[in-house]
Amino acid sequence: GLQDKIKLVPLNLQDRPAWYKEKVYPVNKVPALEHNGKVIGESLDLIKYVDSNFEGPSLLPDDPEKRKFADELFSHIDTFTNDVYTSFKGDPAKQAGPAFDYLEKAVDKFDDGPFFLGQTTRQ
């Protein structure tokens, strides 16, 4: 499978080596993937890249409405993550509460199964 083709490189996230920023991903964020000479470094971009460039079950739903909804949720993730991390510095319930409320309402949109956006896992 795909996992056999991936070489994981452990990094100290608190003290990333200089070579990572210089040779892998200038933005110096993780995770990053190098494939065919191209480096992809944003998590959501990685999901889409892996989904469209490697064989295996799709990571995204086939249903166009659910795929569009997944893209909308993905676009909210950066804001959500920022709100939650920022809340650790102040009042978590007050600052992160609205972000969780939004997410909870959003995932209720499709409740046709126990999995995110679907009835079964993809095989």
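The values are calculated or read from the model by the stated rules, or taken from the named source; none is laboratory data. Predicted model only: the values in this text are computed from it and were never measured. Backbone-built Cβ (ideal geometry, glycine too); neighbour counts: all protein chains shown.
For Asp83, the stated conditions do not hold, so it cannot be described as assigned to a helix (DSSP H, G or I), surrounded by 12 or more Cβ atoms within 10 Å (Cβ to Cβ) and at pLDDT below 80. Do the conditions hold for Glu34, that is, is it without any contact (Cβ under 8 Å) to a residue 24 or more places away in the chain and not hydrophobic (A, V, I, L, M, F, W, C)? When the stated conditions are applied, Glu34 passes them. Of the residues examined, Pro61 is not one that is surrounded by fewer than 14 Cβ atoms within 10 Å (Cβ to Cβ), of a type outside the set (Gly, Ala, Ser), touching a residue at least 24 places away in the same chain (Cβ under 8 Å) and not in a helix (DSSP H, G or I). Only one entry of Asp15, Asp71, Asp51 meets the criterion of being of a type in the set (D, E, K, R), part of a loop (DSSP other than H, G, I, E, B) and out of contact with any helix residue (DSSP H, G or I) (no Cβ under 6 Å at 6 or more places or on another chain), and that entry is Asp15.
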